[in-house]
Amino acid sequence: MFLKHLHSFSFYTTFAVVTDRMKTLALFHILVFTLGLLSCFGQATHEPPTDTLDYARQFDLQEITVEQNRRTKLTGISSGKILLHTEGIKSIPSLMGMSDVLKILELTPGVQTSGEGQSNIYVRGGDPGQTLLLYAGIPVYTPGHLLNVFPLFNGDHLSAVELAKGGVHACYGNFLSGTISTRPKEQIPDKTSVQGNVGLLATQATLNLHLSHQWGAYLSARKTYMNYLLKPLLGLTSGTSVTNQIENIHYNFNDINATVIGHLNDRNQLHINFFGGRDKLDLSEHFIGMTGRMPWYNMGAAVQLNTAMNQHTSMEHSLIFSRFGNELSVQLSDISVHTLSRITTAGYNGRVHFHIGTLPMQGGLQYRFHQLYPQEFDKRQSDLLSPDLSFGENHAHEASAFLGTELRLNARLSMEPGIRYTLFRSVAAKQGSTKNFQSIDFRLFARYRLTETQYLRATFSRNTQYIFKLFPSSTGLPTDFWVASSAHIRPQKGMETSAGYYRAFLDGMIELSADLYFRSMHDVAEYNQNFIENDSRLFTERLVFGDGRAYGLELMLKKNYGRFTGWLAYTLGRSERRFPDIDNGQTFPARHDRTHDLSFTGTYILNKHWDFSLTQVFATGNAYTAPTSWYFIGNMPVKEYGPYNGSRLPAYNRTDIGINYWFKPDNGLNLSIYNLLAVANPLYLTLNVQEVPEQPGKLVISLRKRTLFTVMPSISWRFRF
C-alpha cells in the first residue's frame, strides 16, 4: 500500500527560442512603457506614498502578509488582508523550534491544515499544484523538506510572505487556487550582525552584512543532525505507540540562502537572490519487505532591477531560474523500481507602475520556458526489465501580458479590475506532437465601506493553468510530478466568486472577518500509479479528466493588542470532484476535502522576559480509497477497493504549546511541545496481511495505521549578536 503511493518522474530543461507568434506580445510591453512615460506629465488628484516601490506593493490586495516588524503582533484584515509580524511568529509553538511561515498560514481560514507528513498547500479546496509558490519571484515546485517536519524557508532571511486567496492580481496568473509569494530581505542592514536558532535536531544562522551605505548582503544556512537524535527521541516520547511508527528513517538536509542588495543610485536598486537545498531520505518497512532511498533538491536564482522614474512611475525587471529534481529507488521483494524527475524553469518578469491622468495602472510582460521529462523510470522484476514507457521530453513556452488598475468610483466604493492574456506552446518531442493554447483571464475586486469600521468586499476571477502537478502520493514525500498541457493533457480552467464582511471593535482591538466562496474547476486531472502492477501504459493513458467544485464559509476573529493576542479561525467547506471514468460519474470528495477546519492561536506576554503560547487545531480527516480485499494471481498481488475516496482517516487533532524566556530582545530560550496530547494522527495506512499460525494457508487482512511521531518536544536557543 505504501509503495502504491510512491512514484517520481523525470524533468529536465534548457532554453529555446520564442516562437514568432509570441513576439507580438512584446509590443504590449512597449506600449505600456510608453504610456508610463507619457503619464509622467499628468497630475494625480491623490498622492501615493513617496516610495514608489512600496506603493506598487500596496496595489496587490487580497493577501495575507507575514512581515518582519517589531510593532504589534497582528494588524488589519479589512480588504481580506492580515499582517502577522515576526514577533508573533517567534512566539507561536513550532516543531523543532523553527518558525514555519507556511504552517502559520495554515492557521488562517481557507488554508486547509495539511497535518503530519503533508507538505502540500491547499487553498480554498484547490489541488496543491493549483497554488503558485514564489520565492523572490522564483517558482518553487515542492513546498517543504521531509514530510513537512522542517520549514521550507529560513524565517530569519524573509522580509514578507503574501498569500492571495481570491481575486489574485493579474500579475500572478496561470494558477487556479492562489499565490504565496515570499520575499527575502529587501533593505540594507543597519549594521553587521548574526542571528539564528540552535535546536536539538537542527541549526540555522543568518549573517547580516552591512557593506556600505549602498551595499548589503544576507547569508543564511541550515543543517540537520536528526539522524543522531530522532529515533531515540521518538522512542522516549511515544511509549507503546512506537509500534505504529515507520520502522527505520534516516534523513538529513541542508540549505542556503543568499541575498545581495545594491542601491546603484537614487533611482535604481539591484536585488540578487539565490536559494538551494538538498535532502536525502532512506527508510524501510521490514514487515512488508520494502526498502527505499530518495534524494531531492531545490535551487533557484533571480536578478531584479527596480527603477523609480518619478513619484508616479516605476519599473521592475528580473531574470529567474528554478530547478527541482528527485530520485526514487525502491526494492520490494523481487521487484525494483528506479525513477528520476527534474523540472527547470527560466524566464523574465517585467512590470511598470504608472498613472494615466489620475488613474493608477500596472502592466507587464512575463515569459517562462519549461522543459519536462514526465514518467521516466525503469522497473525490474526477477531481473526482467520492463519496456520503455517514458513519455520523453516535453518543453513549453509560456508568455503572458497583464494590465490592472484601481478605480475609486466614490468615497465609499472602489474596484480593481485586471486582465491577463497568455499564449502557451507545448512540444512533446518523443510523441511528435505540438500544441498551441491561448487564454484571456480576468479578475475583479470590489470594496464598499459601510462605516469607518465596516466593509463589504467581493471578488470574481477566471483563471487558466497550463503547468500543473499530479499527486498520487498521500505521504507528503516530494514524489509528485509536474506536467505541461499538451496534445494529450488538457489545460485546467477555474472560476471563483467570493463575498466578505469585515468589522472592527473597541478601537481596532477586536476584528471580525467573514467570507463566502465558490470555485468551479474544469478539466481537473486525477492520476494513480502503482509501480507493482504489470501495466504497460504511458502515464497519459492513466489520466482521467473531470470537473471539480469547492465552496465554503471562512470566519476569523482576532485580538490585536494587549497582554493576550491571537486569533480563532474556522472554515466550513467542501471540495468535490466528478469524473465520468470514476465510480460511474458519481461525485466524490477530493482527497484533501475537510468539512471542518478549526484552529486557535494565542500568545500571552507575562512580562519582558516570559511569554506563553498555545495552538489548537482540529479538522476532519482526509478522504482516501479503502482496500476491501487482497489476493494473488500467480505471484502478483491484486487489491480490490471500495468507493473512490469513500473512507476517512480519523479526525486530525493537535495541541502545541510554547514557552519563551528572553534574556534580552532576540536572545532567549524556547521550549515547544508539538502535539502535547500525543494524538496518533496517521501519516498513511497500510494493508497488513498475516497468516494465522493455527490455520495454515489462512490469511487475515487488516488496515494498519502508520504515524510519523506523536508528541515531540524541542528546546532551542534563539540568538542575535
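The values are calculated or read from the model by the stated rules, or taken from the named source; none is laboratory data. Values in this document were obtained by computation on a predicted structure and should not be read as measured data. Positions of Cβ are backbone-derived with ideal geometry, glycine not excepted, and every protein chain shown enters the neighbour counts. With ligands, DNA and RNA removed, areas are computed over all heavy atoms of the protein, side chains included. Shrake-Rupley method; radii C 1.70, N 1.55, O 1.52, S 1.80 Å.
Remarks
- Restricting Arg519, Arg503 to those that are out of contact with any Cys (no Cβ under 7 Å at 6 or more places or on another chain) and open to solvent by 20 Å² or more (accessible area, probe 1.4 Å) reduces the list to Arg503.
- Scanning region 330-378 for residues that are open to solvent by less than 10 Å² (accessible area, probe 1.4 Å) and out of contact with any strand residue (DSSP E or B) (no Cβ under 7 Å at 6 or more places or on another chain) yields one hit, Gln375.
- Pair list, Cβ < 8 Å and 6+ apart or interchain, from region 293-317 residues that are farther than 20 Å from Glu186 by Cα to residues that are at pLDDT 90 or above and not in a strand (DSSP E or B): Asn298/Val140
- Contacts under 9 angstrom Cβ, first residue in region 383-407 being more than 21 Å from Lys430 (Cα to Cα) and part of a loop (DSSP other than H, G, I, E, B), partner modelled with pLDDT of 90 or more and open to solvent by less than 10 Å² (accessible area, probe 1.4 Å), 6 or more apart: Glu406/Pro360; Glu406/Gln362; Glu406/Glu416
- Between Arg457, Arg420, the distinction of being open to solvent by less than 50 Å² (accessible area, probe 1.4 Å) and either in a loop (DSSP other than H, G, I, E, B) or over 27 Å from Asn349 (Cβ atoms) (or both) belongs to Arg457 only.
- Selection count where residues are within 20 Å of the chain's Cα centre (by Cα), under 21 Å from Asn675 (Cα atoms) and among the charged types (D, E, K, R), scope region 564-621: 2
- Checked against (1) open to solvent by 20 Å² or more (accessible area, probe 1.4 Å); (2) in a strand (DSSP E or B); (3) out of contact with any His (no Cβ under 6 Å at 6 or more places or on another chain); (4) not aromatic (Phe, Trp, Tyr), Ser498 passes all but a single condition, namely (1).
- Restricting attention to region 176-206, the residues that are crowded, with 17+ Cβ neighbours inside 10 Å, of a type in the set (A, V, I, L, M, F, W, C) and assigned to a strand (DSSP E or B) add up to 3.
Table: residues versus (1) in a strand (DSSP E or B); (2) over 24 Å from the mean Cα position of the chain (by Cα); (3) among the acidic types (Asp, Glu); (4) modelled with pLDDT under 85.
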| site | (1), (2), (3), (4) |
| --- | --- |
| Thr479 | no, no, no, yes |
| Ser513 | yes, no, no, no |
| Leu516 | yes, no, no, no |
| His522 | yes, no, no, no |
| Asp535 | no, yes, yes, yes |
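- Residues of region 553-575 satisfying the condition of being open to solvent by less than 30 Å² (accessible area, probe 1.4 Å) and at positive phi: Gly566
- Top-ranked residue of region 143-167 - restricted to ones that are part of a helix (DSSP H, G or I) and modelled with pLDDT of 80 or more, ranked as farthest from Ser322 (Cα to Cα): Asp156
Results for (1) within 30 Å of Gln586 (Cα to Cα); (2) in contact with a Gly (Cβ under 6 Å, 6 or more places away or on another chain); (3) buried (at least 19 other Cβ atoms within 10 Å of the Cβ); (4) at pLDDT 85 or above, shown as yes or no for each residue.
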| site | (1), (2), (3), (4) |
| --- | --- |
| Gly658 | no, no, yes, yes |
| Phe663 | no, no, no, yes |
| Leu677 | no, no, no, yes |
| Gln690 | no, no, no, no |
| Gln695 | no, no, no, no |
| Ile701 | yes, no, no, no |
